[in-house]
Amino acid sequence: QVQLVESGGGLVQAGESLRLSCLVSGSDFSRALMDWYRQAPGKQRDFVARITSGGLIRVADSVKGRFNISRDNAKSTVYLQMNSLKFDDTAVYYCRLYGPQTYWGQGTQVTVSS
């Protein structure tokens, strides 16, 4: 059974940083395409960043230059480093394993106070 567990969210002030983690079990993580999404209250779930099994990265324009995605295959973990956080970054952040079957984590809350 594939499971994704996010951690690292919290309450921070604008301008500060957070690093989110997503631990994956039950899957061949090294071959997985991994995404981060976020969903603010009352809004749709939006793409944030992607990293392929080969390490290719794509980041949404809204967070480019501030957020970065990385992975540690030995730890079956994908990370989202978030710098210079803004109030508008407040959302629940989800990791997703994309493949023939798609799996989501339960989400972790990030709240940025202005």
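Extending 7 Å from the Cα toward the beta-carbon at both residue 30 and residue 62 defines two label points whose distance is 3.5 nm.
For the stretch 8-99, trypsin sites (Lys or Arg not before Pro) are listed when DSSP marks them as loop and at most 12 other Cβ atoms sit within 10 Å of their Cβ; the list is 43, 64. In the neighborhood of residue 112, defined by Cβ-to-Cβ distances under 12 Å, what is the net charge if each Lys or Arg adds +1 and each Asp or Glu adds -1? Taking every Cβ under 12 Å from that of residue 112, the sum is 0. Label zone of residue 14 (point 7 Å out along Cα→Cβ, amide N under 16 Å): in the stretch 71-114 this covers 83-91, 111-114.
Along its first, second and third principal axes, ordered by size, the chain spans 40, 25, 22 Å in Cα coordinates.
The numbers here are math on the coordinates, done by the rules we state, and not lab data. This structure is a prediction, so every number in the text was calculated from the model and none was measured. Neighbour counts are summed over all protein chains in view; Cβ atoms, including those assigned to glycine, are modelled from backbone coordinates with ideal geometry.
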